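Undergrad: Just passing along the structure, written as structure tokens.
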Amino acid sequence: MQEHVAAYAAHDAIPLAIAGQWPRELRGYAERNGITYPLLVDKERRVIKNYGVYHWLSLEAYNIARPAAFIIDKRGIIRYMYIGSHQFDLAKQTEILECLRPIDEEAS
């Protein structure tokens, strides 16, 4: 996502990530990877559970979130949703950016 931050800004969109980790771990990850977009901590996993991406147990890990991407418009309506089937099943950033185009056109 980091490499597409400028493309999100061109669509007047703000990427952010929510992680069910401790703040110290997330801060270290952000620093090591040069993350500039907001990283939100959900250590009690409330948001992760509410969005239906919480995964208690798999062969890969336990008590985690499946990789997921949501586009939520300014009215709070989910316009795009992708929930991965495993930890390496990520939404394609080009697909996400393409889904922002119709929202831009509606706002014009």
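What follows draws every value from the coordinates through simple rules; no lab data is involved. The model shown is predicted, which means the values in this text are computed figures rather than measured ones.
Undergrad: Name the residues whose placed amide hydrogens come within less than 5 Å of the amide hydrogen of residue 21, ignoring near sequence neighbours (fewer than 5 apart) on the same chain.
TA: 42, 43
Undergrad: What residue among 76, 52, 34 shows peak mean-square fluctuation when the chain is described by a Gaussian network model with Cα springs under 10 Å?
TA: 76
Undergrad: I'm a student and want to see the number: the projected area of the Cα convex hull of the chain, averaged over all directions, in nm².
TA: If I average the Cα hull's projected area over directions, I get 7.1 nm².
Undergrad: Calculate how steeply helix 23-33 sits against the longest principal axis of the alpha-carbon atoms of the chain, using the helix alpha-carbon long axis, and give the answer as 0 to 90 degrees to the nearest 10.
TA: The angle comes out near 60 degrees.
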